[in-house]
Amino acid sequence: MLVLFTGCGDDDDGGVNSLAQLEAKTVNCITTTDRLLTQGPKGQSFQAKIVLAADEEWCSFDPTSQLATTAGGAVGEALPLYLQENRTDEYRSAEITVTYSGGYSVTLRLWQMPDSATPEYDRAWGELPEYREDANYIYKTYNTTLISTKYNEGGYRRNFTVCFDRDLRVAHWVAYPLHGCYTQPNVGRTDDWAYDPNTQSPAIASSEQSSIVKGAFSNPSGVRGHQCPSADRYNTTATNAMTFYATNIMPQNWDFNGGSWGKLEIKIREWAPLVSTRIRYDTLFVVTGTHFDGTLSTDRDGKKVGYPDKCWKVLLQQKSNQNKQIWECGADELKAIGFIFPNSAAAKDMKLSAAACSVKDIEDQTGFKFFQNLDPAVADAVKSQRKTSDWSGIY
């Protein structure tokens, strides 16, 4: 499973497979059910115990009693969990210890997110910016099924999330996790330029998307630029094809796209945990986006499309592998940085050090708030970082 700040797949634990897991490790504030899943040798049984903070009664094994914090069953059976909605301003957690009749035990942690006005949008995903209400915005997450490799576990995963502006026909931002499970094995680039076919909800009408099938945009652009890069999604053909949907494409200057922007994309893949090894690696959380000054481009069908005057990226990653949730981390355990460029030929050879800035700088310029799940007590310190030495190869 893809876990916040850990890699995709199981860690090397000397051959002992995890015998228990939660169907969802983190749930939103309105979630009222979850499941404890068990596996192991046939004929074994298990006992599970929930431990909550003092005076808390919100998670149990019985829908009629919040005091039912112990239960058991036969290995292979799913054990339902019943939760109360979280109407507080704090994350809350439950520790669940599962002990098997064979003597093995495992301790799991369930998290429930704080109260929110937009619970269906809120997720435990480290890359998601805060929700911003706008009649022209459509928020959409594209999901995909990855295949397993020797080092990374496959399965149903999020691909990327967009904040799409149907008036500009361009996304303000595209947010995505980056890890080796998305890039290996390398199936290559599909070049399957297309409208979003709306096989996933919500639907975004083709008339509200730019026409990219016939070729690039008119001046001042010249190229169809990816927000989530094609090369970041090489695990399957279907996964890669989604990066060629019009909802992930922005008008970009040709020289800039093939110059400093492309170099930054390569560098980010080097910073992400992409090496095939059993050593633990941490997911890199990325948001790519646009800034508009009112300039418009035109697609091949003559539709007006917002032309970004600037393009940017913000990054967040845990400094060391502590297998923590993002909101558990202190400022000294996280590294963050931003990059912003003019979307013009002048940025063709722009050095990364010249484009480097803090995440806070990009928040100030765009009005978006990034990495919403950071602890508010550490968020400003993390998003104010501009320590280029934490990111190798910036010069």
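Here are some conditions: (1) at pLDDT below 95; (2) within 19 Å of residue 287 (Cβ to Cβ). Residue 151 meets all but one. Which one does it not meet?
It is condition (2) that residue 151 fails.
Among residues belonging to the stretch 92-146 that are of a type in the set (S, T, N, Q) and outside any strand (DSSP E or B), point out the one that is most open to solvent (accessible area, probe 1.4 Å).
Checked the stretch 92-146; the qualifying residue most open to solvent (accessible area, probe 1.4 Å) is 101.
Report the residue count in the stretch 177-192 for those that are part of a loop (DSSP other than H, G, I, E, B) and touching a helix residue (DSSP H, G or I) at 6+ places or on another chain (Cβ under 8 Å).
6
I need the full set of residues from the stretch 70-105 which are β-branched (Val, Ile, Thr), in contact (Cβ under 8 Å) with a residue 24 or more places away in the chain and within 19 Å of residue 57 (Cα to Cα), in order please.
Of all residues in the stretch 70-105, those β-branched (Val, Ile, Thr) come to 70, 75, 88, 96-99.
Subset that is in contact (Cβ under 8 Å) with a residue 24 or more places away in the chain: 75, 88, 96-99.
Matches in the stretch 70-105: 88, 96, 97.
What are the pairs with Cβ atoms under 8 angstrom where one residue, in the stretch 37-61, is under 23 Å from residue 86 (Cβ atoms) and the other, located anywhere, is of a type in the set (Phe, Trp, Tyr) and open to solvent by less than 80 Å² (accessible area, probe 1.4 Å)? Sequence gap at least six, or different chains.
So the pair list comes out as 48/61; 50/61; 52/58; 59/82; 60/82; 61/82.
Give me the residue from the stretch 69-87 that is in a loop (DSSP other than H, G, I, E, B) and at pLDDT 95 or above and, out of that set, surrounded by the fewest Cβ atoms within 10 Å (Cβ to Cβ).
87
Can you name every residue in the stretch 332-343 that is open to solvent by 10 Å² or more (accessible area, probe 1.4 Å) and farther than 9 Å from residue 310 by Cβ?
Correct list: 332, 333, 335.
Only one residue in 187, 223, 213 is aliphatic (A, V, I, L, M), farther than 27 Å from residue 344 by Cβ and surrounded by fewer than 20 Cβ atoms within 10 Å (Cβ to Cβ). Which one?
When all the criteria are applied, what remains is 187.
Here is a list of conditions, (1) assigned by the TED database to the domain that holds residue 201; (2) farther than 25 Å from residue 323 by Cα; (3) of a type outside the set (Phe, Trp, Tyr), and residue 72 meets all of them except one; can you say which number that is?
Unmet condition: (1).
Out of 381, 354, 336, report the one residue that is under 25 Å from residue 252 (Cβ atoms) and more than 20 Å from the chain's Cα centre (by Cα). Even if it seems obvious, please write down each step before you answer.
On the way: 381 fails: under 25 Å from residue 252 (Cβ atoms); 336 fails: more than 20 Å from the chain's Cα centre (by Cα).
The unique qualifying residue is 354.
Output the qualifying pairs, or none if there are none: Cβ atoms under 6 angstrom, residues six or more apart or on different chains, first residue in the stretch 171-192 and modelled with pLDDT of 95 or more, second residue assigned to a strand (DSSP E or B) and among the acidic types (Asp, Glu).
Correct list of pairs: 172/165.
Picking from 251, 273, 308, which residue would you name as being buried (at least 21 other Cβ atoms within 10 Å of the Cβ), in the same structural domain as residue 142 (by the TED database) and in a loop (DSSP other than H, G, I, E, B)?
273
Is it the case, given these coordinates, that residue 79 is touching a Gly at 6+ places or on another chain (Cβ under 8 Å) and in the same structural domain as residue 30 (by the TED database)? Lay out the reasoning, then the answer.
Numbers: touching a Gly at 6+ places or on another chain (Cβ under 8 Å): yes; in the same structural domain as residue 30 (by the TED database): yes.
Yes.
Is it true that residue 349 is part of a loop (DSSP other than H, G, I, E, B), closer than 28 Å to residue 220 by Cα and at pLDDT 95 or above?
yes
Quick check on residue 344: is it over 28 Å from residue 219 (Cβ atoms), assigned by the TED database to the domain that holds residue 224 and more than 25 Å from the chain's Cα centre (by Cα)? Before you say what the answer is, go through the steps one by one.
Working: over 28 Å from residue 219 (Cβ atoms): no; assigned by the TED database to the domain that holds residue 224: yes; more than 25 Å from the chain's Cα centre (by Cα): yes.
The answer is no for residue 344.
So in the stretch 226-248, with the set limited to residues that are in a loop (DSSP other than H, G, I, E, B) and among the hydrophobic types (A, V, I, L, M, F, W, C), which one is surrounded by the fewest Cβ atoms within 10 Å (Cβ to Cβ)?
Result: 244.
The values are calculated or read from the model by the stated rules, or taken from the named source; none is laboratory data. Since we're looking at a predicted model, the values are computed, not measured. Here the Cβ is made from the backbone with ideal geometry for all residues, glycine too, and neighbour counts use every protein chain on show. Ligands, DNA and RNA are stripped out before the accessible areas are found, and what is left, the full protein with its side chains, is counted by its heavy atoms. Shrake-Rupley method; radii C 1.70, N 1.55, O 1.52, S 1.80 Å.
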